[in-house]
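The values are calculated or read from the model by the stated rules, or taken from the named source; none is laboratory data. All values derive from a computational prediction rather than experimental measurement. When we count neighbours, we look across all protein chains shown, and the Cβ atoms used for this are built from the backbone with ideal geometry, even at glycine.
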Amino acid sequence: MGRLALFVLTACLSVTAMAADIIKGERQETFGDVTVHYNTFNSTFLTPDIAKSTELVRSKNQGVINVSVIKDGKPLTAQVSGSVKDLTSQTVPLKFKQITEQGAIYYIAQFPVDQQETRTFKIDVKTGDKTNTISFQQELFPGQ
């Protein structure tokens, strides 16, 4: 199994570990013929090899957001940007980087998770000349 496939599998399995609130069964939004999948998890769920290959920091105080864009069942290149806001309205910009491996395209960014709290995510996904926005809240926990 490719490293990125393992990364995505780890990300999908760990979503419930970070969220105490009820989440949609599938973390995705559809905009016409484009579907955006997204999830967040603590970076300690990454193996050291995956973290190194994706240039992510493994830390109990670092979260990861993973976004993929699909059109007609195939990965689609997009411009992904966004931010995460805490309960005091302090906003941290997310710096997404594109990961391409074995025909898959993912956009990942890290953010601090210093304490248990609910955060609001705002993700902008631009495909062609159209930008779609996803907003969601998730309760986050520092890792072990």
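Brief remarks on what is shown
- Among the candidates N61, N39, the residue that is touching a Pro at 6+ places or on another chain (Cβ under 6 Å) and under 16 Å from L140 (Cα atoms) is uniquely N61.
- Condition check for E139: surrounded by fewer than 19 Cβ atoms within 10 Å (Cβ to Cβ) and closer than 15 Å to N39 by Cβ: yes
- First in the range 100-127 and in contact (Cβ under 8 Å) with a residue 40 or more places away in the chain, second anywhere and in a strand (DSSP E or B) and of a type in the set (S, T, Y), Cβ under 6 Å, 6 or more apart: Y106/S68; K122/S83; K122/S135; D124/S81; D124/T131; D124/T133
- Search result, residues across the range 103-123 that are closer than 21 Å to Q28 by Cβ and surrounded by fewer than 15 Cβ atoms within 10 Å (Cβ to Cβ): G103, T118
- Contact annotation: residue pairs with Cβ atoms under 6 Å, 6 or more positions apart or on different chains, pairing a residue in the range 19-35 that is of a type in the set (G, A, S) with a partner that is assigned to a strand (DSSP E or B) and at pLDDT below 95, are A19/Q138; A19/E139; A20/E139.
- Residue pairs whose Cβ atoms lie under 6 Å apart, separated by 6 or more positions or on different chains, with the first residue in the range 59-70 and among the charged types (D, E, K, R) and the second assigned to a strand (DSSP E or B), do not occur.
- Single residue of the range 32-48 satisfying the filter (among the hydrophobic types (A, V, I, L, M, F, W, C) and in a strand (DSSP E or B)) that is surrounded by the fewest Cβ atoms within 10 Å (Cβ to Cβ): V34
- Residues of the range 51-95 that turn out to be buried (at least 19 other Cβ atoms within 10 Å of the Cβ) and in a helix (DSSP H, G or I), as a count: 1
- Inside the range 95-134, residues that are at positive phi and modelled with pLDDT of 95 or more make up a count of 0.
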